[in-house]
1. Does at least one position in the range 215-237 carry a residue that is part of a helix (DSSP H, G or I), farther than 19 Å from L191 by Cα and of a type in the set (F, W, Y)?
2. Identify the single condition in (1) at pLDDT below 85; (2) open to solvent by 50 Å² or more (accessible area, probe 1.4 Å) that I197 does not satisfy, given that it satisfies every other one.
3. Out of (1) surrounded by 17 or more Cβ atoms within 10 Å (Cβ to Cβ); (2) touching a Ser or Thr at 6+ places or on another chain (Cβ under 9 Å), the odd one out for F230 is which?
4. For the range 7-44, how many residues are open to solvent by 80 Å² or more (accessible area, probe 1.4 Å) and at pLDDT below 80?
Amino acid sequence: MPKNKYQLALWTFLERPNSSLYSQIFAFFALIVVIISVVIMCLETVVESQTRSSTYEDQIHIEERNIIFFILEFFCNLVFSVEFCLRLIASPNKVQFLKNFLNFIDIIAVVPFWTVLIINNHNFLSLLNLNEEIEFKKRQNNQYSLSVLRILRLTRVLRVFKLSRHIQILNVMGKILYECLYEIILLLTFLAINIVIFSSLIYYIELDTLGEKSPFISIPHSFWWAIISFTTIGYGDLIPQSTVGKVFGSCFIVCGILIALLPVPILSCKFEKIYKECSYENRKNSED
């Protein structure tokens, strides 16, 4: 904990929401901002889909909505940046602070926005002037730059992880995945082995039965069928056509259910253990 009294007060305010009423209000405000940023990220794709099929008149209205999205996005990133700087100032160990996964997510969540704002400054400023004509051709001429900007904007999806700072159950799930990392790797390894084996079998079964009419083009092509069958999803886009292949596929689905149930008891025990530990820590922090 920080030794400086002002730094300690700031650290308590940010890291212990239950320490005071103002801390609870700030934590709730930060949670709302995270939710708003995620909603904006989703709604922007709706506007982009309308842009691809819109007329010139509709484009003006879409640009007006883009201004609202930009203002809200700017506000959210400003809040994230200020919050991160305050947490960094209040942290007693700056190196350990930067190594924390959630703090790394905070950096990734804000850096792309400011990068895009600097690189694409002209386009952002043009949104504020609706009287100018919308230059479609100029935006299409630089596809490489747009691709880079889209990749940077894609990192915004990591903001979902910021919810784990405010929602205890998400934090518990993250700790469970970390504690069960060995079991998960073991399960994925066993899954990969079974996918290769059963994909090879279904490929040769269908090939010997149907010949060139077989829907399974190759063994790698059969991986998709094995994955959706193993997870009991079964989209139906790739299915065995022969009787022998259907019987084999049914057996593979049953095996997938049995294999998927293997880690459930381990995860249940780890979940109960970690949840109790987190609940105890929260009660202890509240009392302090």
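The values are calculated or read from the model by the stated rules, or taken from the named source; none is laboratory data. Since the structure is predicted, the reported quantities are computational estimates derived from the model, not experimental observations. Every residue, glycine among them, receives a Cβ derived from its backbone with ideal geometry; neighbour counts consider all protein chains shown. Heavy atoms of the whole protein, side chains included, go into the accessibility calculation; ligands, DNA and RNA do not. Shrake-Rupley method; radii C 1.70, N 1.55, O 1.52, S 1.80 Å.
1. At the first step, the residues of the range 215-237 found to be part of a helix (DSSP H, G or I) are 219-230.
Still in the list and also farther than 19 Å from L191 by Cα: none.
Scanning the range 215-237 turns up no residue that is part of a helix (DSSP H, G or I), farther than 19 Å from L191 by Cα and of a type in the set (F, W, Y).
2. (1)
3. Failing condition for F230: (2).
4. Total meeting the criteria: 1.
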